Each structure stands twice: as structure tokens, then as C-alpha cells.
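Visitor: Take this structure first; my questions come after.
No value in this document is a laboratory result; all are computed from the given coordinates. Not measured: the values here are computed from a predicted model. Cβ coordinates were reconstructed from backbone atoms using ideal geometry, including for glycine residues, and neighbour counts include every protein chain displayed.
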Amino acid sequence: MLPQVLAGLGASLISVGCQLWLQRLQPLFLTVAILSLAYQIWLIRTRPPKGRKLAVKAVLAASLAANFIVIGGWIVLLIRYW
């Protein structure tokens with residue numbers, strides 16, 4: 001029984017360590033997400049109007065939606081556990 005408890009404790013400590021590092025790196029993730037969206041928008045705007053196909057716009061819309069969901073989730077969790 002004791003080895004199982006110690007194994008569980010070790011896994012918990014690793015999990016806590018990962019969570020702390022992810023919290024510290026959160027601003028970096030947010031910055032990369034915003035910069036990648038800005039780059040995608042810039043790429044689409046520099047294309048000629050005929051090159052702006054519906055599929056390209058759909059990919060951009062999906063990227064925007066995914067980023068808003070993730071950023072919204074971060075804000076909700078920040079408020080919830082603050």
C-alpha cells in the first residue's frame with residue numbers, strides 16, 4: 001500500500017510542477033497566439049481580392065474562434081481561481 005501512496009504523491013508533485021510552469025508561461029502563449037493571428041490577418045489582407053477564397057476566410061475565422069475560446073477560458077479560470 002505504501003508504494004502506491006508514494007507513487008501517487010510523486011505524480012501529484014509532477015502535476016503541480018507542470019501546472020506552475022504553465023502558469024508562468026501563460027503570457028508567452030498569449031503573446032504567440034495574438035502575434036500568429038495578426039500574421040494570418042496580414043497575410044490575407046496582402047493577397048489580391050481574387051486570392052481571398054472562402055476556404056482561406058474560413059480558416060481565419062476558425063483560428064479566431066479557437067483563440068477567443070482559449071483566451072476566454074483563461075480569463076474565466078483566472079477569475080474563478082483568483
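Visitor: Looking at segment 41-58, which of its residues are in a helix (DSSP H, G or I) and without any contact (Cβ under 8 Å) to a residue 12 or more places away in the chain?
Guide: Within segment 41-58, Trp42, Leu43, Arg45, Thr46, Pro49, Lys50, Gly51, Leu54, Ala55, Ala58 meet the criteria.
Visitor: Hey, can you tell me all the residues within segment 29-62 that are of a type in the set (S, T, N, Q) and out of contact with any helix residue (DSSP H, G or I) (no Cβ under 6 Å at 6 or more places or on another chain)?
Guide: Thr31, Ser36, Thr46
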